[in-house]
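Asks: Submitted below is the structure of interest, expressed as C-alpha coordinates.
The values are calculated or read from the model by the stated rules, or taken from the named source; none is laboratory data. Everything numeric in this text was worked out from a predicted model, so none of it was measured. Neighbour counts run over all protein chains shown; Cβ positions are idealised from the backbone, glycine included. We work out accessible area using only protein heavy atoms, side chains counted, and drop any ligands, DNA or RNA first. Shrake-Rupley method; radii C 1.70, N 1.55, O 1.52, S 1.80 Å.
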Amino acid sequence: MTAQVLQLSQIRTEGEATTKTEAMREAHSILMEAGAVTAAYLPAMLEREESVSTYMGNFLAIPHGTNESKEAILSSALSFVRYSQPIDWDGNPVHFVVGIAGIENQHLDILSKIAIVFSDEDEVDALLKAASAEEILDILSEVNA
(Lines give C-alpha, C1' and ligand atoms only; values in the text may rest on other atoms or scores of the structure.)
Protein backbone atom coordinates (compact mmCIF):
# COMPACT_ATOMS: atom_id res chain seq x y z
CA MET A 1 0.00 0.00 0.00
CA THR A 2 1.42 3.34 -0.97
CA ALA A 3 -1.16 5.53 0.75
CA GLN A 4 -0.83 6.06 4.47
CA VAL A 5 -3.86 4.52 6.15
CA LEU A 6 -3.06 6.21 9.46
CA GLN A 7 -2.08 9.86 9.69
CA LEU A 8 -1.66 12.18 12.68
CA SER A 9 -5.03 13.82 11.99
CA GLN A 10 -6.72 10.42 12.51
CA ILE A 11 -5.31 9.87 16.02
CA ARG A 12 -6.97 11.04 19.24
CA THR A 13 -4.98 10.61 22.44
CA GLU A 14 -8.07 11.19 24.60
CA GLY A 15 -11.42 10.14 23.25
CA GLU A 16 -14.65 11.77 24.38
CA ALA A 17 -16.96 8.75 24.22
CA THR A 18 -18.12 6.91 27.34
CA THR A 19 -20.12 4.09 25.70
CA LYS A 20 -19.45 1.55 22.96
CA THR A 21 -21.93 3.21 20.56
CA GLU A 22 -20.43 6.67 21.18
CA ALA A 23 -16.94 5.24 20.61
CA MET A 24 -18.05 3.74 17.30
CA ARG A 25 -19.52 7.13 16.29
CA GLU A 26 -16.22 8.78 17.23
CA ALA A 27 -14.26 6.25 15.13
CA HIS A 28 -16.64 6.77 12.19
CA SER A 29 -16.43 10.55 12.47
CA ILE A 30 -12.63 10.47 12.13
CA LEU A 31 -12.89 8.17 9.10
CA MET A 32 -15.40 10.59 7.54
CA GLU A 33 -13.14 13.59 8.24
CA ALA A 34 -10.32 11.68 6.51
CA GLY A 35 -12.56 11.28 3.44
CA ALA A 36 -12.39 7.49 3.72
CA VAL A 37 -16.07 6.69 4.26
CA THR A 38 -19.56 8.10 3.78
CA ALA A 39 -22.25 8.54 6.43
CA ALA A 40 -23.65 5.13 5.37
CA TYR A 41 -20.65 3.40 6.95
CA LEU A 42 -21.78 4.05 10.55
CA PRO A 43 -24.97 1.93 10.33
CA ALA A 44 -22.84 -0.85 8.80
CA MET A 45 -20.40 -0.62 11.72
CA LEU A 46 -23.27 -0.84 14.20
CA GLU A 47 -24.79 -3.77 12.29
CA ARG A 48 -21.47 -5.65 12.29
CA GLU A 49 -21.19 -5.13 16.05
CA GLU A 50 -24.67 -6.58 16.59
CA SER A 51 -23.72 -9.80 14.79
CA VAL A 52 -20.23 -10.21 16.24
CA SER A 53 -18.25 -8.23 18.83
CA THR A 54 -15.20 -6.45 17.46
CA TYR A 55 -13.43 -6.67 20.83
CA MET A 56 -10.03 -8.27 20.15
CA GLY A 57 -8.42 -8.52 23.60
CA ASN A 58 -5.56 -6.43 25.05
CA PHE A 59 -7.91 -3.43 25.51
CA LEU A 60 -8.57 -3.23 21.73
CA ALA A 61 -11.78 -3.01 19.71
CA ILE A 62 -11.72 -2.66 15.93
CA PRO A 63 -15.16 -1.59 14.72
CA HIS A 64 -15.66 -1.91 10.97
CA GLY A 65 -18.52 -2.26 8.54
CA THR A 66 -20.23 -5.30 7.09
CA ASN A 67 -19.22 -6.84 3.77
CA GLU A 68 -22.31 -5.20 2.26
CA SER A 69 -21.00 -1.72 3.12
CA LYS A 70 -18.26 -1.66 0.46
CA GLU A 71 -19.91 1.20 -1.44
CA ALA A 72 -19.64 3.39 1.69
CA ILE A 73 -15.83 3.04 1.67
CA LEU A 74 -14.01 5.61 -0.47
CA SER A 75 -10.43 4.76 0.54
CA SER A 76 -8.53 2.64 3.05
CA ALA A 77 -7.96 4.35 6.39
CA LEU A 78 -7.78 3.88 10.14
CA SER A 79 -8.98 5.97 13.02
CA PHE A 80 -7.25 5.54 16.37
CA VAL A 81 -8.80 6.72 19.64
CA ARG A 82 -7.36 6.11 23.09
CA TYR A 83 -9.52 6.30 26.22
CA SER A 84 -7.90 6.75 29.64
CA GLN A 85 -11.18 5.60 31.21
CA PRO A 86 -11.97 2.24 29.61
CA ILE A 87 -15.10 1.81 27.52
CA ASP A 88 -17.28 -1.18 28.48
CA TRP A 89 -17.29 -3.28 25.30
CA ASP A 90 -19.65 -6.15 26.04
CA GLY A 91 -18.11 -6.55 29.49
CA ASN A 92 -14.52 -6.06 28.29
CA PRO A 93 -12.43 -2.96 29.12
CA VAL A 94 -11.38 -1.10 25.97
CA HIS A 95 -8.76 1.65 25.94
CA PHE A 96 -8.20 1.64 22.16
CA VAL A 97 -10.81 1.88 19.43
CA VAL A 98 -9.37 1.48 15.95
CA GLY A 99 -11.92 2.12 13.22
CA ILE A 100 -11.08 0.36 9.97
CA ALA A 101 -12.14 1.03 6.40
CA GLY A 102 -10.52 -1.00 3.64
CA ILE A 103 -11.14 -0.94 -0.09
CA GLU A 104 -10.99 -4.28 -1.91
CA ASN A 105 -9.46 -6.66 0.63
CA GLN A 106 -7.00 -4.19 2.14
CA HIS A 107 -8.80 -4.33 5.49
CA LEU A 108 -7.47 -7.88 5.99
CA ASP A 109 -3.87 -6.70 5.57
CA ILE A 110 -4.53 -3.73 7.88
CA LEU A 111 -6.18 -5.99 10.48
CA SER A 112 -3.21 -8.36 10.54
CA LYS A 113 -0.77 -5.45 11.08
CA ILE A 114 -2.89 -4.09 13.95
CA ALA A 115 -3.13 -7.59 15.47
CA ILE A 116 0.68 -7.95 15.43
CA VAL A 117 1.18 -4.68 17.34
CA PHE A 118 -1.54 -5.49 19.88
CA SER A 119 -0.30 -9.05 20.47
CA ASP A 120 2.84 -7.52 22.03
CA GLU A 121 2.09 -6.43 25.60
CA ASP A 122 5.07 -4.04 25.58
CA GLU A 123 3.62 -2.27 22.53
CA VAL A 124 0.18 -2.07 24.20
CA ASP A 125 1.81 -0.62 27.32
CA ALA A 126 3.70 1.91 25.17
CA LEU A 127 0.43 2.94 23.48
CA LEU A 128 -1.21 3.41 26.90
CA LYS A 129 1.68 5.62 28.05
CA ALA A 130 2.35 7.53 24.82
CA ALA A 131 2.33 11.26 25.52
CA SER A 132 1.42 12.40 22.01
CA ALA A 133 -0.24 11.44 18.75
CA GLU A 134 3.24 11.46 17.18
CA GLU A 135 4.39 8.77 19.62
CA ILE A 136 1.32 6.69 18.85
CA LEU A 137 1.88 7.04 15.10
CA ASP A 138 5.49 5.95 15.58
CA ILE A 139 4.45 2.81 17.49
CA LEU A 140 1.84 1.99 14.83
CA SER A 141 4.10 2.83 11.87
CA GLU A 142 3.86 -0.75 10.57
CA VAL A 143 0.27 -0.16 9.45
CA ASN A 144 1.56 2.29 6.84
CA ALA A 145 4.27 -0.06 5.54
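Asks: Please list 106-115, 84-93 highest first by mean number of surrounding beta-carbon atoms within 10 Å per residue.
Replies: By packing density, highest mean first, the sequence is 106-115, 84-93.
Asks: Any chance you could check the Cα centroid distance between the range 37-74 and the range 108-145 for me, in angstrom?
Replies: Here the two parts' Cα centres lie 20 Å apart.
Asks: In sequence order, what are the phi-derived ³J(HN,Hα) couplings for the range 130-137 according to the Karplus relation 6.51 cos²θ - 1.76 cosθ + 1.60 with θ = phi - 60°, rounded to whole Hz, with x for glycine and proline?
Replies: Karplus values, whole Hz, x for Gly and Pro: 3, 8, 8, 4, 4, 5, 4, 4.
Asks: Under the classification rounded if a/c is under 1.5, otherwise prolate if a/b is larger than b/c and oblate if not, where does the range 1-88 fall, given a ≥ b ≥ c as square roots of the Cα gyration tensor eigenvalues?
Replies: On the way: a/c = 1.69, a/b = 1.15, b/c = 1.47.
Taking the square roots of the gyration eigenvalues as a ≥ b ≥ c, the range 1-88 is oblate.
Asks: For Trp89, which sequence-distant residues (separation of 5 or more, or a different chain) have an amide H within less than 5 Å of its own amide H, given hydrogens modelled in the peptide plane?
Replies: Placed amide hydrogens put Val94 under 5 Å from Trp89.
Asks: Also: At 1.4 Å probe size, with the rest of the protein present, what percent of the exposed accessible area of the range 8-144 is carbon and sulfur atoms? Mind showing how you got there, number by number?
Replies: On the way: 3300 of 6510 Å².
C and S atoms contribute 51 percent here.
Asks: Note down the relative contact order for the range 1-69 as a percent, whole number, built from C-alpha pairs under 8 angstrom at least six residues apart. Could you put the intermediate results ahead of the total?
Replies: On the way: 52 pairs, mean separation 16.9, N = 69.
Answer for the range 1-69 is 24 percent.
Asks: Could I ask something else about it? Send over a whole-number figure in Å² for the accessible area per residue of the chain, probe 1.4 Å.
Replies: Numbers: 7060 Å² over 145 residues.
Value returned for the chain: 49 Å² of accessible area per residue.
Asks: Taking the Cα centre as origin and putting +1 on Lys and Arg beta-carbons and -1 on Asp and Glu beta-carbons, what dipole magnitude results for the range 8-144, to the nearest 20 debye? Provide the component values of the computation, followed by the final result.
Replies: On the way: 8 positive and 23 negative charges, 53 e Å.
Approximately 260 debye in magnitude.
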